[in-house]
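These notes are about the structure you will find just below.
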Amino acid sequence: MNVDVFSWFDQVQASMAEDGSLLKPWAQVLPQQLHALFNEKVHGDQQRWLDALENLPAIEGIKTDLQQDRIELSSQQATDEVNAEVKAGLQQLSPWRKGPFQFFDTHIDTEWHSDWKWQRIAPHLAPLEGRTILDVGCGSGYHMWRMLGAGAYRVIGVDPSRLFLAQFQAFKQYAQAGQEAPLNIDLLPLRMEDVPRPLKAFDTTFSMGVLYHRKSPLDHMAELKDTLKPGGQLVLETLVIEGGLGEVLMPEDRYAQMRNVWFLPTCDTLLLWARRVGFKNPRIVEKNVTSLEEQRSTDWMPYQSLTDFLDADDKTKTLEGYPAPLRATLIAEA
């Protein structure tokens, strides 16, 4: 496959710059953001990942299925030899954390069963048909593809990981090859702080698994609010603890071996935070203890995972003695 990093973003920059587009302010600064990223802050593994994408074989007759839990690429023209080349290339993009994906004959069993989270959240969403969506901390884009499969008009994800970008592009390049019109889905390797404020351009903004990594969770929620059109919907999933209004856990150092965990609120506290930054009708729509079946090591992510971060004798506690991961999803309107 031909790999040209900057061509990946031509379509999204052009669509952002259209007359009347609410994304126009972002289009004006996007080229400078990407130039600084790829020309001045080169990641040590970047070329290896780009080479892996370059070596993925071209395939004709591709069909894409975004309606199933395992989003899928298929083609009757993918021979055994071609499938072996695909698998070898995708292995160069390991570890794969969010999924699952099916690349022709290659099933990528990711660390996270991201489909389980989508199953829990999807029934509570405003219909996604025709909506412009932002996914903050989107990982390799699994949930973005589910959003597009649910009828979204445009999906933009932001996540600074270059590896996640390469994984996303591996799927997109094959998916695009099976389409006549450009796919309105793009991952930008940027941080939330790089999104201009106030943009007020999105119908729905997702932030899943991000809030507890922010030193100032209220600032993050205010940033998210600034991305939304009036009446737009926020979907925020985060770690929480049991307890009452005003209670928050701030780890002394690590939480489940993660260094960058700052605040785990109770659900009532999380709702208060949403009200304080101006969201309307915030509500908790689901709460779930992360199971050892939902997050685990696999052949595609063979390193330590959740079971290694919990107390060996008491799986209700982390290694540090804190409550094991409990996640909740908040939905609110701007």
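The values are calculated or read from the model by the stated rules, or taken from the named source; none is laboratory data. Please read these numbers as outputs of a predicted model, since none were measured by experiment. Glycine gets a Cβ as well: all are built from the backbone with ideal geometry, and neighbour counts include every protein chain shown. We work out accessible area using only protein heavy atoms, side chains counted, and drop any ligands, DNA or RNA first. Shrake-Rupley method; radii C 1.70, N 1.55, O 1.52, S 1.80 Å.
For the pairs 172/225; 225/315; 215/317; 280/315, flag any whose C-alpha to C-alpha distance is greater than 27 Å. Let's see the in-between values first.
Values: 172/225 29 Å; 225/315 36 Å; 215/317 23 Å; 280/315 36 Å.
Listed pairs above 27 Å: 172/225; 225/315; 280/315.
Springs between alpha-carbon atoms under 10 Å, Gaussian network over the chain: tell me which of 240, 277, 86 tops the mean-square fluctuations.
Between 240, 277, 86, it is 277 that shows the largest mean-square fluctuation.
In the chain, what % of DSSP beta bridges are antiparallel (nearest 5)?
Working: 28 of 53 bridges.
Antiparallel bridges make up about 55 percent of those DSSP assigns within the chain.
Among 201, 78, 14, determine the one that fluctuates most according to a GNM of the chain built with springs between C-alpha atoms less than 10 Å apart.
Ranking 201, 78, 14 by mean-square fluctuation puts 14 first.
Could you state the accessible area per residue of the chain in Å², with a 1.4 Å probe and every protein chain left in place?
Working: 14570 Å² over 334 residues.
I get 44 Å² per residue for this part.
Distance from a point 7 Å along Cα→Cβ of residue 184 to each backbone N in the range 124-148: keep the residues under 16 Å and list them by number.
Of the residues in the range 124-148, 127-135, 144-148 have backbone N under 16 Å from the label point off residue 184.
Among rounded, prolate and oblate, which fits the chain when a ≥ b ≥ c are the square roots of the eigenvalues of its C-alpha gyration tensor, a/c under 1.5 means rounded, and a/b larger than b/c means prolate? Let's see the in-between values first.
Numbers: a/c = 1.71, a/b = 1.23, b/c = 1.39.
Here the chain falls in the oblate category.
Suppose we keep just the DSSP beta bridges with both residues in the range 10-117; what percent of those would be antiparallel, to 5?
Here the share of antiparallel DSSP bridges comes out near 55 percent.
Can you tell me which of 60, 180, 72 moves the most in a GNM of the chain? Springs connect C-alpha atoms under 10 Å apart.
With Cα springs under 10 Å in the chain, the top fluctuation among 60, 180, 72 is at 180.
Between residue 120 and residue 81, what's the calculated FRET efficiency when r is the beta-carbon distance and R0 is 30 Å? Round to 0.05. Before the final figure, lay out each step's value.
On the way: r = 40 Å, r/R0 = 1.33.
FRET efficiency, residue 120 to residue 81: 0.15.
Computed FRET efficiency, Cβ-Cβ of residue 46 and residue 105, R0 30 Å: what is it to the nearest 0.05? Kindly include the intermediate steps, with their values, before the conclusion.
Numbers: r = 28 Å, r/R0 = 0.94.
Taking R0 as 30 Å, the efficiency between residue 46 and residue 105 is 0.60.
Taking square-rooted eigenvalues a ≥ b ≥ c of the alpha carbon gyration tensor, is the range 1-127 rounded, prolate or oblate, where a/c under 1.5 means rounded and, failing that, a/b exceeding b/c means prolate?
Here the range 1-127 falls in the oblate category.
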